[in-house]
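Asker: The structure's right below; bear with me while I get my questions together.
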Amino acid sequence: MKTVKIKVAVAVDPEGGWMASGWSDRNGEPVEEAMENCIDDFGGNEAKYWLEAELPIPKEMTVQATVVESDD
């Protein structure tokens, strides 16, 4: 099974509010500016985290279907 390693930025403010952001560039590398998106709306007292995971990449599949004619 093919997988992709992801990295998501998360910021948590002192009141428990949080923001998450993450995406990859064309080479599949995480974009570090994701953290900037998280902290834009906070006042500077937030905790910053990076969440990393390895997720399965969906594969293209062909499924069998049956055509049903409409009564319209």
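Asker: For the chain, which whole percent of the accessible surface, found with a 1.4 angstrom probe, sits on carbon and sulfur atoms?
Answerer: That fraction is 50 percent.
Asker: Before rounding to the nearest 500, sum -39500 (n - 2.57) across all DSSP H runs of length at least 4 in the chain and divide by the residue total; then give [θ] at 222 nm in deg cm²/dmol.
Answerer: My calculation for the chain gives -2000 deg cm²/dmol from helical runs alone.
Asker: Express the relative contact order of the range 1-53 as a whole percentage, based on alpha carbon pairs under 8 Å and six or more residues apart in sequence.
Answerer: 46 percent
Asker: Still on this structure, please answer the following. Just subtract the alpha-carbon distance of TRP18 and ALA47 from 0.36 nm times their residue separation and send over the number in nm, one decimal.
Answerer: Length gained, TRP18 through ALA47: 9.5 nm.
Asker: In cubic angstrom, how much convex hull volume per residue do the alpha carbon atoms of the chain span?
Answerer: Hull volume normalised by residue count: 202 Å³.
Asker: Turning to a different aspect of this structure: Tell me the trypsin sites (Lys or Arg not before Pro) within the range 1-47 that lie in a loop according to DSSP and have at most 13 other beta-carbon atoms within 10 Å.
Answerer: LYS2, ARG26
Asker: Give me the one-decimal nm value for the distance between modelled label points at ILE39 and LYS59, 7 Å along each residue's Cα-to-Cβ direction.
Answerer: 4.2 nm
Asker: For the chain, modelled as a Gaussian network with Cα springs under 10 Å, which listed residue fluctuates most, ALA11, ALA47, ALA20?
Answerer: Maximum among the listed residues: ALA47.
The values are calculated or read from the model by the stated rules, or taken from the named source; none is laboratory data. Remember, it's a predicted structure, so these values are computed and weren't measured experimentally. Neighbour counts run over all protein chains shown; Cβ positions are idealised from the backbone, glycine included. These area figures cover heavy atoms from the full protein model, side chains too; ligands, DNA and RNA do not enter into them. Shrake-Rupley method; radii C 1.70, N 1.55, O 1.52, S 1.80 Å.
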